[in-house]
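Engineer: Sharing a structure with you now.
The values are calculated or read from the model by the stated rules, or taken from the named source; none is laboratory data. Just so you know, these numbers come straight off a predicted model, no measurement behind them. A quick note on method: Cβ atoms are made from the backbone with ideal geometry, for glycine too, and the neighbour counts reach across all protein chains shown.
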Amino acid sequence: MSEQKLSEELQSLLATDGDSLTVAQLTDRVGDRGFGLLLLVLSLPSALPVPAAGYSVPFGLLLLVLAVQMLTGKKHPVFPQRMRRATLGKRTAERLLKSAAWMFQRLEWIIRPRMRWVGRRAGLSLMGILVMIMAILMMIPIPMTNTFPAFVIFLIGIGLTEEDGVFAILACVVGVAAVALYAALVWAIIAYGPEVVVTIKDTIRSVTQR
């Protein structure tokens with residue numbers, strides 16, 4: 001596990017002097033620390049309670065690339081040159097840091113190194129399959145449905161970064177629940193038509209506004 005707290009490590013990764021942070025800069029800062037940190041950062045815009053619009057598809061593609069590399073046994077994440085030019089705006093990065101700090105304050109006390117084999121070859125391959133599924137679900141253009149799979153990837157990223165196999169496995173359980181949720185949503189759309197999404201959206205809004 002890193003000597004820094006996860007919130008401090010994220011601060012150093014997302015810090016930028018310019019107007020934006022490129023994926024190339026982010027990858028260089030991660031260095032040889034593996035896939036966990038990149039999974040965590042690239043899922044942040046869609047995973048947190050204050051999502052940044054417009055990032056689900058481009059960052060979903062980046063996460064899909066990482067998932068394939070995890071599945072095929074790559075030791076270090078590498079992106080094609082075109083993807084390395086993708087950017088995260090400075091204001092967006094600042095918003096994400098604020099939201100992530102709140103999240104980490106509530107999670108860091110339960111996270112500790114255990115079952116480290118989950119972050120090795122076999123474990124990474126299994127995680128890669130789930131990250132691949134979640135990244136694809138992130139990019140499906142159904143309103144209000146990209147946050148859950150992105151949050152699963154976010155949790156997996158925390159588990160891998162902190163070498164906490166138990167936490168990563170629990171994240172996978174949440175991922176299975178996400179797949180079940182999407183299956184139910186697709187079934188509802190097929191059975192009742194696209195207007196069911198509007199009904200679900202209105203129901204969620206009314207519950208959250210109480």
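Engineer: From the residues in the range 109-128 that are closer than 14 Å to Glu163 by Cβ and within 17 Å of the chain's Cα centre (by Cα), which one is modelled with the lowest pLDDT?
Structural biologist: Taking the candidates together, the pick is Gly119.
Engineer: Here is a further query. Quick one: count up the residues across the range 155-193 that are within 16 Å of Gly119 (Cβ to Cβ) and assigned to a helix (DSSP H, G or I).
Structural biologist: 15
Engineer: Within the range 104-122, does at least one residue satisfy the condition of being surrounded by fewer than 18 Cβ atoms within 10 Å (Cβ to Cβ), over 18 Å from Phe35 (Cα atoms) and without any contact (Cβ under 8 Å) to a residue 24 or more places away in the chain?
Structural biologist: There is at least one residue in the range 104-122 that is surrounded by fewer than 18 Cβ atoms within 10 Å (Cβ to Cβ), over 18 Å from Phe35 (Cα atoms) and without any contact (Cβ under 8 Å) to a residue 24 or more places away in the chain.
Engineer: Identify, by number, the condition in (1) more than 19 Å from Leu38 (Cα to Cα); (2) modelled with pLDDT of 85 or more that Thr203 doesn't meet.
Structural biologist: All conditions are met except number (2).
Engineer: Moving to a separate point now. Of the numbered conditions (1) surrounded by 14 or more Cβ atoms within 10 Å (Cβ to Cβ); (2) under 15 Å from Leu66 (Cα atoms); (3) touching a Leu at 6+ places or on another chain (Cβ under 6 Å); (4) at pLDDT 75 or above, Ile133 satisfies every one except a single condition; which is it?
Structural biologist: (3)
Engineer: Would you pick out the residues in the range 138-150 that are assigned to a helix (DSSP H, G or I) and buried (at least 22 other Cβ atoms within 10 Å of the Cβ)? So that I can check it myself, show each step before the final result.
Structural biologist: So in the range 138-150, the residues assigned to a helix (DSSP H, G or I) come out as 138-139, 147-150.
Result: Met138, Pro149, Ala150.
Engineer: Being in contact with a helix residue (DSSP H, G or I) (Cβ under 7 Å, 6 or more places away or on another chain) and within 19 Å of Val176 (Cα to Cα) is the requirement here; does Ile129 meet it? Don't jump to the end; show me each part of the working.
Structural biologist: Details: in contact with a helix residue (DSSP H, G or I) (Cβ under 7 Å, 6 or more places away or on another chain): yes; within 19 Å of Val176 (Cα to Cα): yes.
Considered against the rule, which asks whether it is in contact with a helix residue (DSSP H, G or I) (Cβ under 7 Å, 6 or more places away or on another chain) and within 19 Å of Val176 (Cα to Cα), Ile129 comes out as yes.
Engineer: Step by step: first the residues of the range 51-91, then only those that are within 12 Å of the chain's Cα centre (by Cα) and at pLDDT below 85, then the one that is farthest from Ala24 (Cα to Cα). Which residue is that?
Structural biologist: Per the stated criteria, the residue is Pro51.
Engineer: Find all pairs meeting these conditions: Cβ atoms under 7 angstrom apart; at least six residues apart or on different chains; first residue within the range 151-173 and touching a residue at least 60 places away in the same chain (Cβ under 8 Å); second residue of a type in the set (Ser, Thr, Tyr).
Structural biologist: Once the first residue is touching a residue at least 60 places away in the same chain (Cβ under 8 Å) and sits in the range 151-173, its partners that are of a type in the set (Ser, Thr, Tyr) give Ile153/Ser43; Phe154/Ser43; Gly157/Ser43.
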